[in-house]
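In what follows, a structure is listed as structure tokens, so that the remarks can point back to it.
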Amino acid sequence: SSSKDIEKAYYKVSAMYREIGDFEKARDRLLPLLKGKESIPAYKKIAELYIEEGALAGAEGVYSKLLDISKEQDSREMLAKLRYRIAEDYLKAGRYIDAASKFNETFATYPNSNIGEAALVKFGHVLIQQREIEELEKLIKRIVKIYPNSYESASLLIEAARQIEKEKPARAAWFYEYAAAILINK
């Protein structure tokens, strides 16, 4: 009973620091709870504080640890969503290599899910922008294999074909044909 009261006190003090905008102290007050039997809610609360503060990389680190501890599906999904958001921020900042890497990491975190598919598609868009056509072909084959009912791979092929039509018309034609074959087989 007293340990539950102490736990509540830690959360209460943390909430007070959060209210005044001192996210670092709010997180610090929850650190003792990470060693207890009920550490999972404390990890989640610390991650929420990072997200509220706008420190997505900190939240990513916490969810990575949480996933190692709990193996919960919702932790995996949240980690994938965080990585996706970080990758989008990289894109906005023009950090294409970092974005591509993070989208790939997002897929690896939660494959065979909508977020995994979306990450691979975004990765494909980065490859198109970077004119990495050979890598794009490999990626599209990967998407088709993993997500056979995905229309996104066909849209990537069409977008890539439009980008290279003038420079490489034969390659663009192949992309259009491959897109048509994907759509017909659906």
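As a ratio to 2.2 N^0.38 Å, the alpha-carbon radius of gyration computed for region 108-186 takes the value 1.04. Over the chain, accessible surface divided per residue gives 57 Å², non-protein components excluded, 1.4 Å probe.
Which FRET efficiency value, to the nearest 0.05, is calculated for D22 and S101 with the Förster distance at 30 angstrom and r the Cβ-Cβ distance? Mind dumping the intermediate values first?
Numbers: r = 33 Å, r/R0 = 1.10.
So the FRET efficiency works out to roughly 0.35.
Helix content alone sets the calculated 222 nm mean residue ellipticity of the chain: runs of n ≥ 4 DSSP H residues at -39500 (n - 2.57) each, divided across all residues, give -26000 deg cm²/dmol.
Carbon and sulfur: what percent of the chain's accessible surface (1.4 Å probe)? Let's see the in-between values first.
Details: 5460 of 10660 Å².
Roughly 51 percent, rounded to a whole number.
The ratio of the alpha-carbon radius of gyration of region 1-149 to the globular-protein estimate 2.2 N^0.38 Å is 1.26.
Estimated from the Cβ-Cβ distance and a Förster radius of 22 angstrom, the FRET efficiency linking A15 and E38 is about 0.80. For region 1-81, the average shadow cast by the Cα convex hull is 5.1 nm², which is a quarter of the hull's surface. Label positions at K168 and L31, each projected 7 Å from the Cα along the C-beta direction, are separated by 5.2 nm.
Could you pull out which residues in region 27-46 have an amide N less than 18 Å from a spot 7 Å beyond the Cα of K8, following the Cα-Cβ vector? Only 30, 33, 38, 41-42 fall inside the zone, counting backbone N under 18 Å. Shown is the FRET efficiency for E177 and N112, computed with R0 = 41 Å from the Cβ-Cβ distance and rounded to the nearest 0.05: 0.90.
For E52 and A93, calculate 0.36 nm times their separation in residues minus their Cα-Cα distance, and state this gained length in nm to one decimal.
Details: separation 41, 0.36 × 41 = 14.76 nm, distance 2.07 nm.
Fully extending the segment from E52 to A93 adds 12.7 nm.
Which translational diffusion coefficient, to the nearest whole µm²/s, is obtained for region 71-144 from the Stokes-Einstein equation, given a Kirkwood hydrodynamic radius over C-alpha pairs, 4 °C and 1.567 mPa s? Present the calculation step by step, with values, prior to reporting the outcome.
Values: Rh = 12.1 Å.
The Stokes-Einstein estimate is 107 µm²/s.
Full extension of the segment from E134 to D68, taken as 0.36 nm per residue of separation minus the current Cα-Cα distance, would add 20.3 nm.
The values are calculated or read from the model by the stated rules, or taken from the named source; none is laboratory data. Quick caveat: nothing in here was measured; it's all calculated off a predicted structure. Methodologically, a virtual Cβ is constructed for each residue, glycine included, from the backbone with ideal geometry; neighbour enumeration extends over all protein chains shown. Heads up: the accessible areas ignore ligands, DNA and RNA and are worked out on the full protein's heavy atoms, side chains in. Shrake-Rupley method; radii C 1.70, N 1.55, O 1.52, S 1.80 Å.
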